[in-house]
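Undergrad: Quick one: structure below, then a few questions.
Please treat every number below as a calculation from the coordinates, not as lab data. What you see is a predicted model, and the numbers here were worked out from it, not measured in a lab. Here the Cβ positions follow ideal geometry from the backbone for every residue, glycine too, while neighbour counts run over all protein chains shown.
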Amino acid sequence: MLQPDYTPTPKALPPDAAARKTWMALLARSPEALLEKHLAALSAGDLQWLRPTETGLMMVQGRAGGTGQRFNLGEVSVTRCVLKPDANVTGCRQVGVAYIMGNSHRHAQLAALADALLQEPALHEHWDQLLLRPLSRMLSDQAQEKNAQAQATRVEFFTVAREAGRGADDEDDAS
């Protein structure tokens, strides 16, 4: 039973739950083509659908300045899937779950399949090396590139104001 003052934090998660949270986030943001490349053959088996792929809406909240009060920003499409892969094809007996933003049923199926494979102790290291690590590097590189592009267009207003102030003083000195 939870205590009334209990506040769950990522640090409170067991190590395996925290790792799963990380890889599920990576799989949700991964390009569908990358998942297709690695998992298409395994998805051809007899998948047991515990919750068929379905698309719905989810309310997204925001905060002014990142720290203000929450407000409803709008709705986004979310696709979810819960499946158990064919153990004869994959060697996996785990249940995979995926939630992805958007309406790609195939992306949700492949992400759920990858989640199941990553939960299987005998298969985890293989799929971590083959799928998660390259995916993590790719997403990190994309974020760094996007950040560099944003920094290239950054304007230092304090410097502009100071330079504007110097210009006015220089004109007074010249008189």
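Undergrad: Evaluate the distance, in nm, between pseudo-label points positioned 7 Å from the Cα of Arg20 and of Glu36 along their respective Cα→Cβ axes.
TA: 2.9 nm
Undergrad: Calculate the spin-label point distance for Met101 paired with Gln69, positioning each point 7 Å from the Cα along the beta-carbon direction, and give it in nanometres.
TA: The answer from the label model is 2.5 nm.
Undergrad: Here is a further query. Long-range amide H contacts for Leu50: which residues qualify at under 5 Å (H placed 1.01 Å from N, peptide plane, sequence gap of 5 or more or a different chain)?
TA: Val82, Leu83, Lys84
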